[in-house]
Amino acid sequence: MPRTVTQYNMLAKVFHWSSALLIFGLFFLGLWMVELTYYSEWYKLAPHWHKSVGLCLFAVTIFRLIWKITTKTPAIEGQRWEKIAAKLVHRALYILLFALFISGYMISTADGRSVEIFNWFSIPGLGSFFENQEDIAGVIHFYLACTIIGLATLHILAALKHHFINKDNTLSKML
């Protein structure tokens, strides 16, 4: 008889919490760096870190998605509508993250230059696919990031609601 999974495994927890930290960190770094002036010492360094960490998060997200698909996970707790909402929000977060990664790449490579990852290696640039690509992709990138932060905040609030109001194991399964 198959064993029921009651906790997320350690790798799923590491993926979850590191992704959360990176997503919120990149969001606030992005908001800060677009306000930098050309004369700031961070003008080139902040975007370099934002791109490097963002592409590392892209790799982590691919591995996380593969791990999620191939590993048994605990059942979602709550009422039927809560289970449906949880699945929809999780799927939306993955879709929005991949759209965010693509838009970030389109911003960074519109001029044909590659993207340096911590000066370890480069991801080749494909150049511009349409006029004003970096500006249009930049606007899309911003709104995708805001939407992801909104959904992640909703996700946090739902986990806290389950923990403090419903008093179920939703939050403790990921701790």
Q. So what's the back-of-envelope 222 nm ellipticity for the chain, counting only DSSP H runs of four-plus at -39500 (n - 2.57) apiece and dividing by all residues, rounded to 500?
A. -22500 deg cm²/dmol
Q: Using only alpha carbon pairs under 8 Å that are at least six residues apart, calculate the relative contact order of the chain and give it in whole percent.
A: 25
Q: Quote the charge dipole size of the chain about the Cα centre in Debye, to the nearest 20; the model charges only the Cβ of Lys and Arg (+1) and of Asp and Glu (-1).
A: 1120
Q: For residue 84 paired with residue 156, estimate the spin-label separation in nm (one decimal), with each label point 7 Å from Cα along the Cα-to-Cβ line.
A: 2.8
Q. Working out 0.36 nm times the residue gap between residue 6 and residue 68, then minus their Cα-Cα distance, what length gain in nm do you get to one decimal?
A. 20.8 nm
Q | FRET efficiency estimate (nearest 0.05) - Cβ-Cβ, residue 92 to residue 163, R0 30 angstrom | A | 0.85
**Q.** region 1-128: mean projected area of Cα convex hull, nm²
**A.** 10.5
**Q.** Hz values of 3J(HN,Hα) by residue in region 68-81 - Karplus curve (6.51, -1.76, 1.60), Gly and Pro given as x
**A.** 4, 6, 9, 10, 5, 10, x, 5, 6, 9, x, 6, 3, 5
Q. If ligands, DNA and RNA are left out, what is the accessible area of residue 102 with a 1.4 Å probe, given in Å² to the nearest 10?
A. 100
Q) residue 56 accessible area, nearest 10 Å², 1.4 Å probe? A) 50
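Sorting 52, 122 by accessible area (1.4 Å probe), largest first, what list results?
Sorted descending by solvent-accessible area, the residues read 122, 52.
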Q) Could you sort 120, 32 by accessible area so the largest value comes first, with the probe set to 1.4 Å? A) 120, 32
**Q.** Inter-label distance, nm, simple model (7 Å from Cα along the C-beta direction), residue 21/residue 113
**A.** 3.0
Q: Just read off the accessible area of residue 10 with the full protein assembly in place, 1.4 Å probe, to the nearest 10 Å².
A: 130
(Q) With the crude spin-label approximation of a point 7 Å out along Cα→Cβ, what separation in nm comes out for residue 75 versus residue 120? (A) 4.1
Q) How would 80, 113 rank on accessible area, largest to smallest, probe 1.4 Å? A) 80, 113
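The values are calculated or read from the model by the stated rules, or taken from the named source; none is laboratory data. Just so you know, these numbers come straight off a predicted model, no measurement behind them. Note that each Cβ is placed from the backbone with ideal geometry, even for glycine, and that neighbours are counted across all protein chains shown. Only protein heavy atoms, including side chains, enter the accessible area calculation; ligands, DNA and RNA are left aside. Shrake-Rupley method; radii C 1.70, N 1.55, O 1.52, S 1.80 Å.
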